[in-house]
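In what follows, a single structure is set out as structure tokens and then discussed.
The values are calculated or read from the model by the stated rules, or taken from the named source; none is laboratory data. Everything numeric in this text was worked out from a predicted model, so none of it was measured. Note that we place each Cβ from the backbone using ideal geometry, even for glycine, and neighbour counts take in every protein chain shown. SASA here: full protein model, heavy atoms, side chains in, ligands and nucleic acids out. Shrake-Rupley method; radii C 1.70, N 1.55, O 1.52, S 1.80 Å.
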Amino acid sequence: MGLPSEAGRYLSPDEARRVYDHIGSAQDWQGFYENPAQRDQLAHAAFEEAHAVFEFGCGTGAFAARLLHDRLPPDARYTAFDVSDTMLKLAQERLQPWADRATVKRGDGTPHIPEEAGTFDRFVANYVLDVLAPDYMRAVLAEAHRVLKPGGKLCAISLTWGQTGFARQVIRLWMWLWRRNPKLVGGCRPIEITDYLPPEKWNIEHRNTITSWGVSSEIVVASAK
């Protein structure tokens, strides 16, 4: 049996902003499936060696706080964008203990990242690529490649297809909701990140799928060539 097709309506950046302005304060409850995937990412992305990290779509700042608290070197700086004012406020409040080296800004809704080329060691995109339309996602990943130093790592997690049993049923229900109204699932739908990483630009160092409570996540760590 093949995978369900990805055919539906993607949220525009402005629609995504409104959705997450509304539901942003509840996002941390998703830790029941996000945390296991993030632990896998942390085990393979060598954040301990990173001195400049960019996060595209930082959400409530929970992952950034984890990095700054016990993963990044003391001199590491962290920069993030998010389109949601609710997320921006939550992240800024959460990262206040590291205000001297953590900066969170409101994104303008375009894929462009106003940072110089070759600036960052890590580019984090956790549970955000799966909200984006395919062309927008490709543009974001092209920007990630541009702002990373040679050998810098893309660290991404997304919702992905369930492979067996209960996970397949969960993702079929998720897709049923997404096709009818993507706002019901925060605009997220299952993807495979590696489909969007040209091999001439990226070296896949780690790829894994973790299923928690029936929700499957793809974890990818890829270095920029």
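Determine ³J(HN,Hα), in whole Hz, for all residues of region 15-21 in sequence, where each value follows from phi through the Karplus function 6.51 cos²θ - 1.76 cosθ + 1.60 and θ = phi - 60°; x replaces Gly and Pro.
With coefficients 6.51, -1.76 and 1.60, one gets 5, 4, 4, 5, 4, 7, 5 Hz.
Got the relative contact order for the chain handy, in percent, Cα pairs under 8 Å and 6 or more residues apart?
The value is 23 percent.
Among the lysines, which fall within straight-line cross-link reach of Lys153, defined as a Cα-Cα distance under 24 Å, with same-chain neighbours fewer than 8 residues apart omitted?
Cα-Cα hits under 24 Å: Lys105, Lys201, Lys225.
Can you tell me the order of 73-82, 193-202 when each peptide is scored by its average per-residue count of other Cβ atoms within 10 angstrom, highest first?
73-82, 193-202
If you keep only loop residues by DSSP, which GluC sites (Glu not before Pro) in region 94-183 have at most 10 other Cβ atoms within 10 Å of their Cβ?
Qualifying residues, ordered by number: Glu116.
Taking the chain as the reference, fit the longest principal axis to its C-alpha atoms, fit the long axis of helix 85-94 to the helix C-alpha atoms, and give the angle between the two in degrees, 0 to 90, nearest 10.
Taking Cα atoms only, the helix is inclined about 50 degrees.
For Gly152, what residues show an amide H to amide H distance below 5 Å, using hydrogens built from the backbone and excluding near sequence neighbours?
Ala224
Quantify, in whole percent, the carbon and sulfur part of the accessible surface of region 1-126 (1.4 Å probe; protein heavy atoms only).
52 percent
Counting Lys +1, Arg +1, Asp -1, Glu -1, what net charge surrounds Thr209 among other residues with beta carbon under 15 Å of its beta carbon?
That works out to -3.
Using θ = phi - 60° and the Karplus relation 6.51 cos²θ - 1.76 cosθ + 1.60, list the HN-Hα couplings for region 127-134 in order, rounded to whole Hz, with x at every Gly or Pro.
Once rounded to whole Hz, the list reads 6, 9, 4, 6, 8, 8, 5, x.
Using the Cα gyration tensor of region 83-225, with a ≥ b ≥ c the square roots of its eigenvalues, what is the shape: rounded (a/c below 1.5), prolate (a/b larger than b/c) or oblate (neither)?
In terms of gyration-tensor shape, oblate.
Any idea what angle helix 31-44 forms with the longest principal axis of the chain, computed on alpha-carbon atoms, 0 to 90 degrees, nearest 10?
With both axes taken from Cα atoms, the answer is about 50 degrees.
Quick one: compute the contact order of region 66-186, relative version, from alpha carbon pairs under 8 angstrom and 6+ residues apart, as a percent.
Computed value for region 66-186: 20 percent relative contact order.
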